[in-house]
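So the structure is just underneath, and the comments pick up after that.
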2 protein chains.
Amino acid sequence: MGAPLGELVLDQLFREARSYNAWLDGDVGDEQIHAIWDLMKFGPTSANQLPARLVWCKSAEAKTRLARHAIDKNRAKITGAPVCVIVGMDLEFHEQLPWLFPHTDARSWFTGSEELRRANAFRNSSLQGAYLMLAARALGLDCGPMSGFDNAALDADFFADQPNVKSNFICSIGYGDPASIFGRSPRPEFDVFNKLL
Amino acid sequence: MGAPLGELVLDQLFREARSYNAWLDGDVGDEQIHAIWDLMKFGPTSANQLPARLVWCKSAEAKTRLARHAIDKNRAKITGAPVCVIVGMDLEFHEQLPWLFPHTDARSWFTGSEELRRANAFRNSSLQGAYLMLAARALGLDCGPMSGFDNAALDADFFADQPNVKSNFICSIGYGDPASIFGRSPRPEFDVFNKLL
């Protein structure tokens with residue numbers, strides 16, 4: 001529990017932040033990538049599952065390799081960014097629970113059902129993807145998340161040695177070019193998608 | 001793009017925040033609930049899908065009704081909190097895209113495949129659930145997310161009039177009782193779950 005954060009902080013994290021389609025010059029250094037992880041890893045996941053597996057494509061070679069699996073209009077959003085990260089999910093995350101959640105036998109909750117593992121991996125790696133974006137913004141960076149790519153082809157290329165890992169979404173990170181975005185799409189008032197009982 | 005936020009802000013959002021199991025006295029007012037929505041709604045979703053449908057259980061009656069669908073150990077985490085929110089997802093979210101994403105016919109991308117709609121609703125409502133938790137923390141509140149409940153029973157009770165809406169997870173919100181948590185579970189170093197190419 002803390003005090004409400006200041007208005008400029010709320011603007012940077014939520015109200016003024018946008019998803020960018022093109023990127024200004026400026027590198028994202030390895031230390032910034034590590035700093036994003038060192039924030040996002042503290043975001044809550046069910047039973048500390050931490051199912052996200054991240055591949056940071058930072059070299060020109062890695063970005064070109066990744067862009068080949070994207071739909072046409074997303075390719076330049078990848079190759080033109082300082083870094084584009086693949087948010088994957090480990091469908092066998094439960095094998096890590098003996099050390100990630102050591103005070104009970106959480107692994108046994110998941111051994112019997114691949115469907116349960118898949119749902120948990122998808123939900124919790126998506127949560128982690130959101131933590132990643134807000135951590136990047138908190139560190140002064142901008143994001144450009146995308147799901148327009150061939151998941152199976154990407155997985156065969158980047159996770160060939162980890163067949164239990166599947167891609168969830170990808171996200172370019174850098175310094176967004178304001179010229180690459182349009183007016184913000186509508187954000188509805190509370191009553192449209194909320195009920196208060 | 002902005003400057004990196006201050007260390008205390010990063011602590012409040014990520015490093016010092018915890019998932020609480022019990023709650024101190026203190027109401028969460030309707031204006032705080034609206035304020036959470038008015039931040040989280042700005043978090044990015046694919047094609048501005050905004051598939052989350054939220055039911056805020058704030059009255060004692062609503063919390064008791066919700067707790068009936070939870071596993072035993074989660075019931076007091078719901079009834080003892082100032083508010084517990086159901087994060088649902090609309091599997092027919094695409095019907096809203098003509099006004100949420102008006103500059104192209106995004107609705108047509110989803111009409112042909114229930115599987116595609118389900119994956120998008122699950123991914124993007126999970127992202128929104130993470131935005132919800134970080135928005136609550138940004139406003140000085142604590143969270144206690146849970147997935148230990150009977151989804152089908154909850155849906156039949158709370159979404160009987162919206163059969164296209166399914167529960168994703170639930171989250172208590174309030175002022176966390178430090179006595180209700182244990183030491184933090186491990187958070188791995190970068191190299192464990194990340195690759196940099």
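The values are calculated or read from the model by the stated rules, or taken from the named source; none is laboratory data. These numbers come from a predicted model, not from an experiment. Every residue, glycine as well, gets a Cβ built from its backbone with ideal geometry; the counts of neighbours run over all protein chains shown.
Hey, any hits in the range B:68-88 for a residue that's under 22 Å from residue B:161 (Cβ atoms), part of a loop (DSSP other than H, G, I, E, B) and among the small types (Gly, Ala, Ser)? No; the residues of the range B:68-88 include none that is under 22 Å from residue B:161 (Cβ atoms), part of a loop (DSSP other than H, G, I, E, B) and among the small types (Gly, Ala, Ser). Considered as a group, the residues in the range A:25-49 that are more than 8 Å from every other protein chain (Cβ to nearest Cβ) and of a type in the set (S, T, N, Q) include one that is farthest from residue A:105 (Cα to Cα), and that residue is A:32.
Does residue B:39 meet the test of being farther than 26 Å from residue A:168 by Cα, part of a helix (DSSP H, G or I) and at pLDDT 95 or above?
no
Here residue A:91 passes the criteria (1) aliphatic (A, V, I, L, M); (2) more than 13 Å from every other protein chain (Cβ to nearest Cβ); (3) buried (at least 21 other Cβ atoms within 10 Å of the Cβ) except the one numbered (3). When we screen A:136, A:60, A:160, A:52 for residues that are touching a residue at least 24 places away in the same chain (Cβ under 8 Å) and more than 9 Å from every other protein chain (Cβ to nearest Cβ), the only hit is A:136.
Restricting attention to the range A:1-25, the residues that are touching a strand residue (DSSP E or B) at 6+ places or on another chain (Cβ under 8 Å) and modelled with pLDDT of 95 or more total 8. Yes or no: the range B:189-197 includes at least one residue that is touching a strand residue (DSSP E or B) at 6+ places or on another chain (Cβ under 7 Å), among the charged types (D, E, K, R) and free of Cβ contacts under 8 Å to residues at least 12 places away in the same chain. Checking the range B:189-197: at least one residue is touching a strand residue (DSSP E or B) at 6+ places or on another chain (Cβ under 7 Å), among the charged types (D, E, K, R) and free of Cβ contacts under 8 Å to residues at least 12 places away in the same chain.
Are any residues in the range B:18-43 of a type in the set (Val, Ile, Thr) and either over 20 Å from residue A:133 (Cα atoms) or surrounded by fewer than 20 Cβ atoms within 10 Å (Cβ to Cβ) (or both), and if so, which ones?
Just the residues of the range B:18-43 that are of a type in the set (Val, Ile, Thr), to begin with: B:28, B:33, B:36.
If the condition is that a residue be of a type in the set (Val, Ile, Thr) and either over 20 Å from residue A:133 (Cα atoms) or surrounded by fewer than 20 Cβ atoms within 10 Å (Cβ to Cβ) (or both), then B:28, B:33 are the ones that fit.
Whether any residue in the range A:65-83 is facing chain B (nearest Cβ under 7 Å), more than 13 Å from residue A:171 (Cβ to Cβ), crowded, with 20+ Cβ neighbours inside 10 Å and not aliphatic (A, V, I, L, M) is what I want to check. No, the conditions are met nowhere in the range A:65-83. Restricting attention to the range A:12-24, the residues that are facing chain B (nearest Cβ under 7 Å) and without any contact (Cβ under 8 Å) to a residue 60 or more places away in the chain add up to 2.
The condition of being over 15 Å from the mean Cα position of the chain (by Cα) and surrounded by fewer than 18 Cβ atoms within 10 Å (Cβ to Cβ) does not hold for residue B:46. The set of residues from the range B:42-61 being touching a Leu at 6+ places or on another chain (Cβ under 7 Å) and assigned to a helix (DSSP H, G or I) comprises B:47, B:48.
Checked against the criterion of being touching a His at 6+ places or on another chain (Cβ under 9 Å) and in contact (Cβ under 8 Å) with a residue 24 or more places away in the chain, the range A:82-97 contains not a single residue that satisfies it. Among the residues making up the range A:105-163, those that are touching a Lys or Arg at 6+ places or on another chain (Cβ under 6 Å) and closer than 19 Å to residue A:46 by Cβ are A:110, A:126.
May I ask you to list pairs of residues, at least six apart or on different chains, whose Cβ atoms are under 8 Å apart, with the first in the range A:145-156 being aromatic (Phe, Trp, Tyr) and the second being surrounded by fewer than 16 Cβ atoms within 10 Å (Cβ to Cβ) and not in a helix (DSSP H, G or I)? Once the first residue is aromatic (Phe, Trp, Tyr) and sits in the range A:145-156, its partners that are surrounded by fewer than 16 Cβ atoms within 10 Å (Cβ to Cβ) and not in a helix (DSSP H, G or I) give A:149/A:71. Among the residues making up the range A:41-66, those that are in contact with a Phe, Trp or Tyr (Cβ under 7 Å, 6 or more places away or on another chain) and under 23 Å from residue A:103 (Cβ atoms) are A:42, A:43, A:47, A:48, A:49, A:50, A:51, A:52.
Summed over the range B:165-190, residues that are aliphatic (A, V, I, L, M) and over 21 Å from residue B:66 (Cα atoms) total 2.
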